[in-house]
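Colleague: This is the structure, below, for whatever I ask next.
Derivation of every value follows stated rules applied to the coordinates shown; laboratory data play no part. Here the structure is a predicted model, which is why all the values come from computation and not from measurement. Glycine gets a Cβ as well: all are built from the backbone with ideal geometry, and neighbour counts include every protein chain shown.
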Amino acid sequence: MQNFRNYFELLGVAQSASAADIKRAYRQMARKYHPDLNPGNKEAEERFKLLGEAYDVLSTPEKRAQYEEYSRFWKQKGFWDKANAGGRFNLGKVDFSEFGDFNRFVDQLLNRRDSPRPTPDYRPETGSRPSEPQPRRPRRNPAYDSPSSAPSRPTNRRDAEANLTVPLERAYAGGQERVRLEDGRSLEVNMPAGMVTGQRIRLKGQGIGGGNLYLRIEVEPHPFFTVDGNNIVCRVPITPSEAALGGTIEVPTLDGPVRMTIPAGVQSGKRLRLADKGYPTGRDHQGDQIVVLEVVIPTTLSDRERALYAEIHELSSFTPRADLPV
């Protein structure tokens, strides 16, 4: 798996980049490394070929979706061992155990019919590659060549994209979702749990003329919960007496309220952790929920409350300003 190539890093774009961003980045990089502008420079020639490969994959929605699925799962613990051992590692209809080598996966993805040849092990983060790369069959760079050289494509079947905005609660839980498209169609879709902004979900056969439809997910901001990587962060107010004495309070989570114990003498801003109450990171894994405590002072007091606060003030030996550095 060491020959895995991060096409997004190679083109210098984020993983959430749009098709227009990818095309723009490819054109800029292709001009820089084009063989006509770098005669005799083998490194530039190999870089140019890799750029064409990256663009071919990322500019086609279906190929991009398969690449993103593969790149997500090849890093999982045990994937490489299972592939080497001939184990089955499936995602949908794709059996990734058939692709123990990344080049084999790309050859099938790009429909290369000739026998597989090793490609330069180029890593964008280090710039390293083998000193004697194997030659590869010349191929067209789709966004650089002139339109007249492009092969003909069927025009009655095309992939399409649509935006879908979902509340955080539904993005977290997944499940059945009715999606209304701009063309007036309404689809019932089984959405995965743990959706995030920028994620693309493929609906096979729901595009134009039987092509695929790709939903680009946007998760609405929540007034109480904030997603921070795999964790969910919230701020929970507590009273001065709860802060001083400690105790058990009820805390909302996306799975429903839970009871949490706070220690005596806790300070405002203290972060407590609810394990496995964060965002889903896989079929059986979740992040944590981070609870930030805020000590809140009442703005109005009854006569009895005022008298008790005055009594505590008289009895207390606590001097919070004793250690001021002035």
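Colleague: When residues of segment 264-300 are filtered for being more than 23 Å from the chain's Cα centre (by Cα) and either surrounded by fewer than 12 Cβ atoms within 10 Å (Cβ to Cβ) or among the acidic types (Asp, Glu) (or both), how many remain?
Modeller: 10
For (1) of a type in the set (A, V, I, L, M, F, W, C); (2) over 18 Å from the mean Cα position of the chain (by Cα); (3) on the phi > 0 side of the Ramachandran plot, each residue gets a yes or a no:
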position: Phe8; (1), (2), (3): yes, no, no
position: Gly12; (1), (2), (3): no, no, yes
position: Lys23; (1), (2), (3): no, yes, no
position: Lys32; (1), (2), (3): no, yes, no
position: Asn38; (1), (2), (3): no, yes, no
position: Arg47; (1), (2), (3): no, yes, no
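Colleague: Additional query: Does segment 231-249 contain at least one residue that is within 20 Å of Asn163 (Cβ to Cβ), among the aliphatic types (A, V, I, L, M) and loosely packed, with under 15 Cβ neighbours inside 10 Å? Step through it out loud before you land on a result.
Modeller: Looking only at segment 231-249, we keep the residues that are within 20 Å of Asn163 (Cβ to Cβ), and these are none.
Looking through segment 231-249, none of the residues is within 20 Å of Asn163 (Cβ to Cβ), among the aliphatic types (A, V, I, L, M) and loosely packed, with under 15 Cβ neighbours inside 10 Å.
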